[in-house]
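So the structure is just underneath, and the comments pick up after that.
The values are calculated or read from the model by the stated rules, or taken from the named source; none is laboratory data. Not measured: the values here are computed from a predicted model. Note: ideal-geometry Cβ built from the backbone for every residue, glycine included; neighbour counts use all protein chains shown. For the accessible areas, the whole protein counts, side chains as well, though only heavy atoms, and no ligand, DNA or RNA atoms are used. Shrake-Rupley method; radii C 1.70, N 1.55, O 1.52, S 1.80 Å.
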Amino acid sequence: MLEALWRDLRLAGRSLSRSPVFVLAAGLVIAIGIGATTTVLSVGNRLLSEPPTGVREAGRLVTVHSLSKDGSSFHAFSLPDYRDLREGQRAVASLAAYTTVPVSIAGEGDPELVAGLSVSSNYFATVGARAARGRFFTADEERPGTEAVVVLSHQYWARRFAAEPSMVGRRVLLNGKPATVVGIGEPGFRGHLAGLDVSAWVSLGTDAALRGAERFAARNHDWLELVGRLGDDVDPREARSALDAVGARLAPERGEAGALETDVRPYTPVPPMVATPVGGFLAVLLLLAALILLIACVNVGSILLSRATTRRREIAVRLALGSGRGPVVRQLLVESMLVYLLGAAGGIALAVVATRLLGGLRPPGGVPVALVVGVDPVVLGLTLGIALLAGLGFGVGPAWRATAIAPASVLRVGQTGGGGQRRMRHRFVVAQVAGSVLLLAMAGLFVRGAARAGEVDLGMDPAGVHVLEVDFSLAGRPTAEATRLAAEAERLIAELPGVRSVGRIDLLPLSLANQTSGFLVPGREAVEGVGAFGTDFAVVSPSYFETIGIALVAGRGFAESDVAGGPPVVVVNEAIARTLWPGESAVGKTLLYGSFRPERATPVEVVGVVRDSKYRSIGEEPRFMLFQTSAQEPRGATAFLIRHAAPDVVRAARDVIRRLDPGLPFTSDWSYQQVIGLSLLPTRIAATLASAFGAVGLLLAMVGLYGAVAFAVGVRLKEYGVRMALGASRSDVRREVLRDGLRPTAIGLAIGGVAAVGAGQLIRGFLFGLSPLDPVAFGAIALLLGGAAVVACLVPSRRASRTDPMEVLRHE
């Protein structure tokens, strides 16, 4: 068998070397399909399964989340709860805490804002990371009041400090406070969260110095995420039981909050709460890439069928000389698989280039994302397997058809094909057109959806608004003092020439983040949807609504008289008002806000109703939203929204904030249109890739259709000549060629259209209210493909109609 395989390989190599154009064209087509598929698979593998560099024995890692009373997961923990869980059980051998924190680092040169993690001392040991220089944190450095310390990532150390060997032990300024660099992480380690470009880690004690120690003793302040390493022979269910046992013992200390329940899940490189949407988005991209690969394989299969048909005389001679059908089929299959393997090599090269380009991309607005991705051995092996299977699957049909001949008949009359080959070529055309319809339909829906996003009524007017987001509590100030400084900054910015209005909010709408709370309606049963409701909320300054352009529809907004210690007041949106008090005025009504338990909730008065607007995403349906005033609910972190007319206003506003705190970093500094653009980034990426894939698919399908029709015309030239000699007109011949070419196109359009209707339902969330059956998109696709098919058939039909009957009859 090995000798026969080696012989077939040598014969295949010689045969393919005589057709370099065919090998180049087929290899390029396959490379495009495999390159697209391999790139998406590589990104998905990196984000969803392959642990980041520096994370070791990931199979024993778990993420731990707090469960709320309604059973929902992905909630954080307070520091006292974390410490009790860490010390009170042994199923999770090492339980570490972390939270993200913006860090401004000043050493040599201007301060630079980077993404940081505040971590417990056992974080690095838990995830398996190692230090390239120096050390990690000690247990003593978790306590507030200890010396501020920081560990730098290897990448940041090399970029910012030129890999200075003496960096360990040196002092830098973190958010304006001195801190000692105690270690440098190993090369490539950016933390255990894939995609997040972490440049520095600070200890919990340092976090207390930077952002205040108010949270450390509060058991009702949940701010820490947990990652753990399981003990030997312990599974996540056992770990959850052990943690819940500790949580039950904490019930007396937690008071009204009751026992602490946990949710333990196997570790994933992206946080579990975003793994599902990320996986869904990548699945859509993989579907698009797989369609490209399918169209490419069908295209090459059609070429192989045409090539095998032209070699029928050679095959007939081999069969006539005694070769069995099996060896001939095997020979043709070896040629097919060689072509696909050559295409796979080109596809891998394209994927390497594509993944490197992706690694260099950065989202707008300075979002700290770094996609470190490459073509790993798993994806490489899968790619080669796909190539071999495709070569076998799309080569066996043409090979079997090509050898289904009577050698004597072929050698005697020179037959070059029959109805079976024509039917298979038509099936290939149908498959290519159907795949192209599906690709183009998804591309059209994505593009139409992205365009529609600009037409959606946001309920506010973000045009001309700039965002400066800061946290005045980063230098360790109490929240009340930080709020006072934020109010002073707002007052000073409002006095700048060219500023039309300025307002503050603690969490920007449409910023890919949200915060929720609960409230009760007095006098109604405390049942979800009856008297108990969850709501998004935000803390704003009185001028926020005017600045962002949210209209007041009833009552009043916040006033300077709504001060701390005064009667608590809130403003609600129309969704709350019409749901709770249909046909009534919501102004003057009372809510119990902040908890689903009456004894823990705060009575608040509704003083105003504002128009519904978009909060989490542009495509969302109206949702509950409640606003509090910053005077009554202090916040350290705040975003200044500045509506201005003069171009130099933003620079002057930055100067105002820097005068109040020279070392304060800006966590956001961009226009509100850019904020919204970030929320649209997945849709725009999908629209761009779908359009590119659709264009490639259309090109491949039309090339395949042209090749199939042209080959059929070449085979039937004698037939056309005889028919024209018997009286058929040139227009009759042209119509028949067009009919033969457009019939499989019409069938492909129908099949692809049905598939596109189903696929459109899968991407409904990206369409911003656009119907998945959008007639504009589907009509444009039908016209595009129909027109392209007519163009692809015109040249072969013209060639057929110009056949000279006398020339044909002379050769007969």
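Against the criterion of being among the hydrophobic types (A, V, I, L, M, F, W, C) and modelled with pLDDT of 90 or more, L28 does not qualify.
Restricting L113, L47, L95, L24 to those that are open to solvent by less than 30 Å² (accessible area, probe 1.4 Å), out of contact with any Asp or Glu (no Cβ under 6 Å at 6 or more places or on another chain) and more than 23 Å from L285 (Cα to Cα) reduces the list to L95. Within region 644-672, restricting attention to residues that are touching a residue at least 12 places away in the same chain (Cβ under 8 Å) and among the acidic types (D, E), the residue that is farthest from A489 (Cα to Cα) is D648. Filtered by the rule that a residue be of a type outside the set (D, E, K, R), farther than 21 Å from R643 by Cβ, surrounded by fewer than 21 Cβ atoms within 10 Å (Cβ to Cβ) and touching a helix residue (DSSP H, G or I) at 6+ places or on another chain (Cβ under 9 Å), region 547-585 gives A554, A564, S585.
Can you report the number of residues in region 183-197 which are of a type in the set (G, A, S), within 20 Å of the chain's Cα centre (by Cα) and open to solvent by 10 Å² or more (accessible area, probe 1.4 Å)? Here the count works out to 2. Scanning region 522-536 for residues that are assigned to a strand (DSSP E or B) and modelled with pLDDT of 95 or more turns up nothing. A single entry from G33, G54 fulfils the requirement of being buried (at least 20 other Cβ atoms within 10 Å of the Cβ) and in a loop (DSSP other than H, G, I, E, B): G54. Is it the case that V791 is under 30 Å from F281 (Cβ atoms) and open to solvent by 50 Å² or more (accessible area, probe 1.4 Å)? Judged against the criteria, V791 is not a match. Going by what's in this entry, would T629 be described as touching a residue at least 60 places away in the same chain (Cβ under 8 Å), closer than 28 Å to E214 by Cβ, out of contact with any Cys (no Cβ under 7 Å at 6 or more places or on another chain) and open to solvent by 30 Å² or more (accessible area, probe 1.4 Å)? No: the conditions fail for T629. Whether a residue is among the β-branched types (V, I, T) and more than 29 Å from the chain's Cα centre (by Cα) was assessed, and T180 passes this test.
Looking across region 512-535 at every residue that is without any contact (Cβ under 8 Å) to a residue 60 or more places away in the chain and among the hydrophobic types (A, V, I, L, M, F, W, C), the one that is least open to solvent (accessible area, probe 1.4 Å) is identified as A513.
The condition of being out of contact with any Asp or Glu (no Cβ under 6 Å at 6 or more places or on another chain), under 27 Å from S68 (Cβ atoms) and part of a strand (DSSP E or B) does not hold for V607.
Among the conditions (1) small (G, A, S); (2) more than 20 Å from D562 (Cβ to Cβ); (3) in contact (Cβ under 8 Å) with a residue 12 or more places away in the chain, the only one that G583 does not satisfy is (3). Taking the condition in contact with a Ser or Thr (Cβ under 9 Å, 6 or more places away or on another chain) and either under 25 Å from R83 (Cβ atoms) or open to solvent by 50 Å² or more (accessible area, probe 1.4 Å) (or both), does A200 pass? Here the answer is yes, as A200 does meet what is asked. Condition first: open to solvent by 20 Å² or more (accessible area, probe 1.4 Å), closer than 28 Å to A213 by Cα and charged (D, E, K, R). Can you find one or more residues in region 151-161 that meet it? No; the residues of region 151-161 include none that is open to solvent by 20 Å² or more (accessible area, probe 1.4 Å), closer than 28 Å to A213 by Cα and charged (D, E, K, R). Screening region 480-511 for residues that are open to solvent by 40 Å² or more (accessible area, probe 1.4 Å) and in a helix (DSSP H, G or I) and picking the one that is nearest to E546 (Cα to Cα) gives A494. Tallying residues that are among the aliphatic types (A, V, I, L, M), more than 28 Å from G565 (Cβ to Cβ) and in a loop (DSSP other than H, G, I, E, B) within region 630-663 yields 2.
Only a single item in (1) of a type in the set (A, V, I, L, M, F, W, C); (2) modelled with pLDDT under 70; (3) in contact with a Pro (Cβ under 6 Å, 6 or more places away or on another chain) is not met by L305, and it is number (2).
Hey, could you check region 718-752 for residues that are basic (K, R) and farther than 22 Å from G707 by Cβ and say which is surrounded by the fewest Cβ atoms within 10 Å (Cβ to Cβ)? Filtering region 718-752 for residues that are basic (K, R) and farther than 22 Å from G707 by Cβ, the one surrounded by the fewest Cβ atoms within 10 Å (Cβ to Cβ) comes out as R730. Filtering A686, A695 for residues that are under 30 Å from A25 (Cα atoms) and open to solvent by 30 Å² or more (accessible area, probe 1.4 Å) leaves a single hit, A695.
So for region 805-812 (the condition being surrounded by 15 or more Cβ atoms within 10 Å (Cβ to Cβ) and more than 30 Å from the chain's Cα centre (by Cα)), does at least one residue qualify? Yes: region 805-812 contains one or more residues that are surrounded by 15 or more Cβ atoms within 10 Å (Cβ to Cβ) and more than 30 Å from the chain's Cα centre (by Cα).
Within region 338-354, residues that are touching a residue at least 40 places away in the same chain (Cβ under 8 Å) reach no partner that is outside any helix (DSSP H, G or I) and among the hydroxyl-bearing types (S, T, Y) with beta carbons closer than 7 Å at six or more positions or on different chains. Of everything in region 71-92, what is crowded, with 16+ Cβ neighbours inside 10 Å, in contact with a helix residue (DSSP H, G or I) (Cβ under 7 Å, 6 or more places away or on another chain) and not polar (S, T, N, Q)? Give them in sequence order. Matches in region 71-92: F74, D84, L85, A91, V92.
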